[in-house]
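One structure is given below, encoded as structure tokens.
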Amino acid sequence: MPSSTTRPRLSLDGEWDLTLDDVPGVQPGERRTVTVPGAWTLQVPGCELVHGTVTYSRDLDVPAEWANAGSLVLCFG
């Protein structure tokens, strides 16, 4: 039976740091800022048709009222 209470949410949309780990034609470790949601390949010039390995990172502030809430769950998708 689903819970009748809605869990608080924090949007992760916005600017993220992107490290290009293994992308053809790009220096390994090169960093860019990209907007999420959005395809990184369309935001990095010359990578429109490229596939590779990248790492996203970003700092975020957890709301103070969540401090004693127990576990935090981060979901993507």
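The values are calculated or read from the model by the stated rules, or taken from the named source; none is laboratory data. Remember, predicted model here, so these are calculated numbers, not experimental data. Counting neighbours? That spans all protein chains shown, and the Cβs are built from the backbone with ideal geometry, glycine included. SASA here: full protein model, heavy atoms, side chains in, ligands and nucleic acids out. Shrake-Rupley method; radii C 1.70, N 1.55, O 1.52, S 1.80 Å.
List of remarks:
- The chain, Cα convex hull volume normalised per residue, Å³: 134
- Total formal charge among the other residues, if their Cβ is under 10 angstrom from that of residue 53, Lys/Arg +1 and Asp/Glu -1: -2
- Comparing 42, 60, 18 in a Gaussian network model of the chain where C-alpha atoms under 10 Å apart are linked, the largest mean-square fluctuation is found at 60.
- Sorting 75, 47 by accessible area puts them as 75, 47; the probe is 1.4 Å, largest comes first, and only protein heavy atoms count.
- Distant-in-sequence amide contacts of residue 30, defined by a placed amide H-H separation under 5 Å and a gap of 5 or more residues or a different chain, comprise 20.
- For the chain, the solvent-accessible area works out to 82 Å² per residue, with a probe of 1.4 Å and every protein chain left in place.
- Considering only the Cα atoms of region 23-63, their convex hull presents on average a projected area of 3.5 nm².
- Note on the chain: with neighbouring protein chains present and a 1.4 Å probe, carbon and sulfur make up 52 percent of its accessible heavy-atom surface.
- Rounded to the nearest 500, the helix-only mean residue ellipticity at 222 nm of the chain stands at -500 deg cm²/dmol, with each DSSP H run of n ≥ 4 adding -39,500 (n - 2.57).
- Scalar couplings 3J(HN,Hα) for region 67-77, obtained by applying the Karplus form with A = 6.51, B = -1.76, C = 1.60 to θ = phi - 60°, are 4, 10, 7, x, 7, 10, 10, 9, 10, 10, x Hz; x denotes Gly and Pro.
- When the surface is traced with a 1.4 Å probe over the full set of protein chains, residue 71 keeps roughly 100 Å² accessible.
- Summed residue charge, Cβ within 15 Å of residue 29's Cβ, Lys/Arg positive, Asp/Glu negative: -2
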